[in-house]
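Computed from the coordinates by the stated procedures, all read-outs in this text should not be read as laboratory data. Just so it is clear, the structure is predicted and the values come from calculations on it, not from any experiment. Virtual Cβ from ideal backbone geometry, glycine too; neighbours counted across all protein chains shown.
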Amino acid sequence: MQPFILISILVFALIVVVALIVAAIAMRKARIASIQEDQELHPRGYWVSLGISIGAGFGVALGLVSDNLALGIAIGAAIGASIGGALEQKTKITFARFQSKN
């Protein structure tokens, strides 16, 4: 192979590798900014309160169907609180993993 073709191929490969490294760094910075923004937008207790309110709404419908409104609201709020607690724990674990990597 002629030397200028070999040099051209090596330069091209080097450019591609550098471009991939720059893209990976940019994606990592975007992910870090996204996680930090999520922590600012959703403070502790956000998911639990959201789950309780949505669950209570579904509980009203359940209570009207079963002809016991108070029980329906209580069941809906309990289910919503458990789902919200699970989402809260997931967010806490994600942020802890992020903190340990940085």
Measure off 7 Å from each Cα along the Cα-to-Cβ vector at Leu20 and Leu69, then give the distance between these two points in nanometres to one decimal. 6.4 nm
Answer with a single label: of (i) 31, 16, 13; (ii) 55, 15, 9; (iii) 21, 14, 12, which was calculated as semi-axes √(5λ) of the Cα gyration tensor in Å from the structure in view? (ii)
Can you tell me the FRET efficiency between Lys90 and Gln2 if r is taken as the Cβ-Cβ distance and R0 is 41 Å, rounded to the nearest 0.05? 0.10
Run down the lysines and flag those whose C-alpha is under 21 Å from the C-alpha of Lys29, throwing out any fewer than 8 positions away in its chain. Lys92, Lys101
Please give the helix 69-101 orientation as an angle from the longest Cα principal axis of the chain, in degrees from 0 to 90, rounded to the nearest 10. 20 degrees
Mean Cα-pair separation over length for the range 1-101, i.e. relative contact order, pairs under 8 Å, 6 or more apart, %: 25 percent
Rounded, prolate or oblate (a/c below 1.5 giving rounded, otherwise prolate when a/b exceeds b/c) for the range 43-102 by Cα gyration tensor: prolate
